[in-house]
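Have a look at the structure below before the remarks.
The values are calculated or read from the model by the stated rules, or taken from the named source; none is laboratory data. Everything numeric here is computed off the predicted structure, so don't read it as measured data. Cβ coordinates were reconstructed from backbone atoms using ideal geometry, including for glycine residues, and neighbour counts include every protein chain displayed.
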Amino acid sequence: MASEPILQVSGVSLRKGRATLLDNVSFALERGRFYGLLGPNGAGKSSLLKILYRAEAASAGGIELDGRPVHALGRRVYAARVGALVQEKVSLSGMNLLEVVELGLLPLALPSREVRERAGEALRMIDLSHRAGEDAAHLSGGEQQRLFFAQLLALNPDIYLLDEPNNHLDLHFQYKLLDIVKRRQRTVLASFHDIGLAVRYCDEVMLLDGGRLVGQGAMAKVLDRRSLAETYRVDGSFTDGRLEIAGPV
Amino acid sequence: MTVASFRSPGLFALVVVALLLAGLAGVFWGTADLTWDDRYKALFRLPDAKPALQLIVWEWRLPRVLMVALVGAALTLAGLLMQALLRNPLADPYLLGLSSGASAAAAAAIIWLPGVFVSVIGLPMLAFGGAMLAFLVALGLSFSPGRNLDRLMLILSGTAVSLFFQSITAFFLHIAEPHVTQQALQWLMGSAAGTKWPDLLPLAVTLPLLAIVAFLCAPMLDAVLLGDERATALGVPVGLLRIGFFSAAALLTGLAVAAAGIVSFVGLIVPHLARLLIGATHRWLIPLALLIGAIVLVLVDLLCRTVLAPQELPLGVLLALFAAPPFIIILRRMRRGV
């Protein structure tokens, strides 16, 4: 029998005006597994993650963390256990790199010495420790993404929510940072556009289309010829752990 | 470039000394023919102090200097909080219409409302009500259901609200008796002349309390600088923080306007100056900015008293003069996206 799910999503919907962004989505995340969230543009991947890191409130349905309803947990308590890599454009200035990474530990209320140590360690993982005192205003898009990744690595929550973690990252850091997350064997829910990257990391995928969960399970099973044509609108097939695409449908 | 190379206890010591010197200059300027011994005796009310000097220092100068220091720090805190929570370097109590709301309420109180009513509620509370009303209207105009607050819309709504309340103020000034208009106008343009000790009370209580609360929330304010969603994901109650600190900014603005009329630009310029010196991290920024805000207004008030002595200039005149160049620099920096 499978272990108790760490996160249970039941019948979650999100409506904005007349648009339905998520429609009755239900799934469970088991402890220590890496889940991929797949789907074409506008499928509802980001909306779902936003609800999970509590930047949006679901119009219907409920979420439970270890069997406890999320709305009964304090924001800070929840944030300490469920960390998120967020897609949000921002122009930083006036804070140095170390300070930004330290903010990632805000939910934990640690003594300042430990905050400094953990943030310094995370800054080393993203190869920016030699620039720790620099103003974050001067970072490129990829460097900024690494910095926010470092916040999450310093926090090391029970559940990692990653909204397109490879965004802006060069190849080296795409693999390096996701490898670190994978090695930690925490529960991960990550949205991907790059199927190749998803294959490498995900134990299981969930396929969203038009706000509905249309498939869940092993990647080769979920992404069969029919679902590739219906959701991604490509003619392709999964063979030997690789996605071969002939062209658009 | 490294952030905040000036971040050290030395800077704070320097700024505190500067504040004390500015305060002393504010209290004793124009008493040049007296010795420091006499001044010292008057300041500490020693038994052999000169009675006339002691009267000037204690009844005129000291309350006034303390008042402008409090007003400068209060408007700086209001501007700083708004800039952080809107992630917008142009946010300021003046630009969002809070000052205009407060002054319209105060003008109505002076010119139109029954005296009994005003004396029961008090000018500070009426001005706070005006600032809060202006803020709520600006918020309401920029709010659309189901969407996050659009920061640019809020600034534009604030400007519209500001214009509206300015016309109300103008209306009250127009219908009033000429001498009342003159009196109200002088006050509106900003002046702390004639401050009595009890006038200090509202700001002297409110400002330290709110400054401490803001200081304790400093890491959460830092997190908001990373973006609303990121801050939310870090467990920061962004909406609550915004409502709370916007109300605090309205309260500070209302009290400042009730005390000294419209004092523009301090809330805009001083936080920028402090940020250039020490970076945006709020546990450093808040104390430094408040000290600088106090210094700036004490010095500007001193200049207003002395430039055309024995006539006094309104605070707003000199402030606008000094604030225009930095304001332009901020605009240009914003355009470059720094």
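Things worth noting here:
- Being among the charged types (D, E, K, R), in contact with a strand residue (DSSP E or B) (Cβ under 9 Å, 6 or more places away or on another chain), within 24 Å of A:PHE192 (Cα to Cα) and within 10 Å of another protein chain (Cβ to nearest Cβ) holds for only one residue in A:ASP135, A:ASP163, A:ASP158, and it is A:ASP163.
- Only one entry of B:ALA138, B:ALA84, B:ALA105 meets the criterion of being assigned to a helix (DSSP H, G or I) and touching a Ser or Thr at 6+ places or on another chain (Cβ under 7 Å), and that entry is B:ALA138.
- Total residues in segment B:228-263, condition surrounded by 22 or more Cβ atoms within 10 Å (Cβ to Cβ) and within 14 Å of chain A (Cβ to nearest Cβ): 10
- Filtering segment B:47-81 to residues that are outside any helix (DSSP H, G or I) and touching a helix residue (DSSP H, G or I) at 6+ places or on another chain (Cβ under 7 Å) leaves B:ASP48, B:ALA49, B:LYS50.
- When residues of segment A:221-233 are limited to those that are crowded, with 16+ Cβ neighbours inside 10 Å and free of Cβ contacts under 8 Å to residues at least 60 places away in the same chain, the one farthest from A:PHE27 (Cα to Cα): A:LEU228
- Just one residue in the set B:VAL213, B:VAL205, B:VAL236, B:VAL224 is hydrophobic (A, V, I, L, M, F, W, C), outside any loop (DSSP other than H, G, I, E, B) and within 22 Å of A:ALA80 (Cβ to Cβ); that residue is B:VAL224.
- Test set (1) under 21 Å from B:LEU66 (Cβ atoms); (2) of a type in the set (Gly, Ala, Ser); (3) at pLDDT below 90 - B:ALA22 fails condition number: (3)
- Residue list for segment B:175-197, filter: modelled with pLDDT of 80 or more, part of a helix (DSSP H, G or I) and under 14 Å from B:VAL68 (Cα atoms): B:TRP197
- Those strands (runs of 3 or more DSSP E) of segment A:18-128 in which at least 2 residues are buried (at least 16 other Cβ atoms within 10 Å of the Cβ) and within 14 Å of another protein chain (Cβ to nearest Cβ), considering only elements entirely within it, cover A:19-30, A:82-85.
- Positions within segment B:87-102 being under 15 Å from B:ALA138 (Cβ atoms) and assigned to a loop (DSSP other than H, G, I, E, B), in sequence order: B:ASN88, B:LEU90, B:ALA91, B:ASP92, B:PRO93, B:TYR94, B:LEU95, B:LEU96, B:GLY97
- Qualifying residue in segment B:24-35 (condition: hydroxyl-bearing (Ser, Thr, Tyr), part of a loop (DSSP other than H, G, I, E, B) and more than 30 Å from B:VAL263 (Cα to Cα)): yes
- The numbered conditions (1) in contact (Cβ under 8 Å) with a residue 40 or more places away in the chain; (2) away from chain A (no Cβ under 14 Å); (3) assigned to a helix (DSSP H, G or I) are all true for B:PRO219 except (2).
- Given (1) closer than 30 Å to B:PHE215 by Cα; (2) of a type outside the set (Ser, Thr, Tyr); (3) at pLDDT below 90; (4) over 15 Å from the mean Cα position of the chain (by Cα), index of the condition B:ASP48 fails: (1)
- When the residues of segment B:268-318 are filtered to those that are more than 14 Å from chain A (Cβ to nearest Cβ) and of a type in the set (Gly, Ala, Ser), the one that is farthest from B:LEU66 (Cα to Cα) is B:ALA309.
- Matching residues in segment B:236-265 - criterion: being of a type in the set (A, V, I, L, M), within 14 Å of B:MET125 (Cα to Cα) and over 10 Å from the mean Cα position of the chain (by Cα): B:ALA248, B:ALA250, B:LEU251, B:ALA258, B:ALA259
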